[in-house]
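Report on the following structure.
The values are calculated or read from the model by the stated rules, or taken from the named source; none is laboratory data. On a predicted model such as this, the values are computed, not experimentally measured, just so you know. Heads up, the Cβs are rebuilt from the backbone with ideal geometry, glycines too, and the neighbour counts pull from every protein chain shown.
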Amino acid sequence: MMDNIHKSTSITGVKISYYFICHTKLWLFSHNIQLEKENENVQIGKDLNETSYVRDKKDITIDQTISVDFIEKSKNGEKLILHEIKKSNKMEEAHQWQMMYYLYYFKEKGIEAEGELNYPLINKKEKVILTEKDRNRIQEIINDIFKIIEGKLPSPKKKTICSKCAYFEFCFGDDL
C-alpha cells in the first residue's frame, strides 16, 4: 500500500487534486513544467490562505510529500483535524480526494485524523472522513497517477475551467 508512495516520484496532494482536474496538468506538473507561480488565480488562493485563519500555524509539510494548510486537535484531543483552505468549491471533488489522500497518508502512519475543507469566501466548511472504500480507491488513484506520469503527455481536453488554468496557453495556445 504505502510502497506506492515511496516510488521515485512521490505522490503529493496537488497531484491527487490534478488527477481529478486534468491529466495533462498532472503530467506537466509532475515533469517539473510548473507555470502556477505567475498565475493570478493561484496567487489569489495563496493570499486567501495567508489572510484566513491567521491564528493557526500554516503550511505544515509532512515527509516533504504532503502540505496541509493547518492542523488542530479535536475537542476531545483524540484526533487531529486537517484543514485545507480553498478559494472556491467549483472543484470540490478534487478537494475532497486531496483531503482523503492526506487522511490516508496519516492513517498509514498510524495517526487518526479527520479533514475539513474551508471555503472562507463563501463561508462554508465541509467535513471529510476516510472510509475503507475510499482507502481502496486512493490506492487505485495512486496507481493511475503513476501510469499517467510514466506515460506520454496526455492530450488536453478543453473544459470550462481551462481558461483560468496556468497551463491554458501551453495546452491551447495555437487555438486562441
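General observations
- For region 107-127, the criterion of being of a type in the set (A, V, I, L, M), farther than 13 Å from Val68 by Cβ and in contact with a helix residue (DSSP H, G or I) (Cβ under 6 Å, 6 or more places away or on another chain) is satisfied by no residue at all.
- Among the residues making up region 119-140, a single one is surrounded by 15 or more Cβ atoms within 10 Å (Cβ to Cβ), modelled with pLDDT under 95 and not in a helix (DSSP H, G or I): Tyr119.
- When the test is whether a residue is aliphatic (A, V, I, L, M), surrounded by fewer than 19 Cβ atoms within 10 Å (Cβ to Cβ) and under 15 Å from Phe20 (Cα atoms), Met99 does not pass it.
- Looking across region 17-65, the residues that are of a type in the set (A, V, I, L, M), under 19 Å from Glu92 (Cα atoms) and either at pLDDT 55 or above or crowded, with 17+ Cβ neighbours inside 10 Å (or both) come down to Ile21, Leu26, Leu48.
- Only a single criterion out of (1) assigned to a loop (DSSP other than H, G, I, E, B); (2) aliphatic (A, V, I, L, M); (3) at pLDDT 85 or above is not satisfied by Ile71, namely (1).
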